[in-house]
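K.L.:
Quick one: the structure is below, questions incoming.
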Amino acid sequence: MTEVPFTRRTLLSAGAVTAGAALSAGVAGLVSPAPALGLAPTPTMRGGANNYRPGAPIVERIGAGGFWMTGSVRRAGDGVPLSGIRIQIWAHTTEGHERDPQSHGATLTDADGRFRLEMPQIVPAFGQPHGHLAYDAEHDGHGFETVFLRPVMPSASDTSLSAQFVLRPA
């Protein structure tokens, strides 16, 4: 089977074929929901597990706060938001290093699969301001594969960082 590269031309061609099929099916075919295309799982990032501390406690806030770590968690394939998922967060901040226990905490996703945790301002470590986030299957029990992320901030003066998890069932 020959793989067709994804380009604007292939997208437009596929759209024309889909529109033609919908028109031939009649008006009822135009209002039917489209099938899910399949959402790929998030791969673990290199360096994401650095200084990970298994089982960090669920906290309201890490330190004095002032910086927001946010994001969402969805299931691979259908993209359904996942609630009650435990996400651990840690970073090198104005109040401690990423290896320090007080720089670690966890939070749970809400009904829409979103999480948000306030923490001290992230500062550069190894030349880059970055955070660490983990979905650790061993400490959550929802049946998905472990994923570690290490998103880098565009600027050390940013006051928030967002990360998206798409989890694959184990």
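Every number here is computed from the coordinates shown, using simple stated rules; none is lab data. Remember, predicted model here, so these are calculated numbers, not experimental data. Glycine also receives a Cβ, built like all others from the backbone with ideal geometry; neighbour counts cover every protein chain displayed.
K.L.:
From the backbone phi of region 64-76, what are the Karplus-calculated ³J(HN,Hα) couplings (6.51 cos²θ - 1.76 cosθ + 1.60, θ = phi - 60°) in whole Hz, Gly and Pro given as x?
P.N.:
7, x, x, 10, 10, 9, 10, x, 9, 10, 10, 8, 4
K.L.:
Show me the ranking of peptides 150-158, 67-75, 84-92 by mean Cβ neighbours inside 10 Å, starting with the highest.
P.N.:
Answer by packing, highest mean first, reads 84-92, 67-75, 150-158.
K.L.:
Among 126-135, 51-60, what's the highest-first ranking by average C-beta atoms within 10 angstrom per residue?
P.N.:
Going from most to least packed, we get 126-135, 51-60.
K.L.:
With each label point set 7 Å from Cα along the Cα-Cβ vector, what nm distance links R53 and S157?
P.N.:
The answer from the label model is 3.2 nm.
K.L.:
So, one more: What area, in nm² and to one decimal, does the C-alpha convex hull of region 60-110 cast on average over all directions?
P.N.:
If you wrap the Cα atoms of region 60-110 in a convex hull and average its projections, you get 4.1 nm².
K.L.:
Next up: Quick query: amide H of A106 versus all other amide H atoms, modeled in the peptide plane; which residues come in under 5 Å with a sequence gap of 5 or more or a different chain?
P.N.:
HN-HN under 5 Å from A106: I58, V59, I89.
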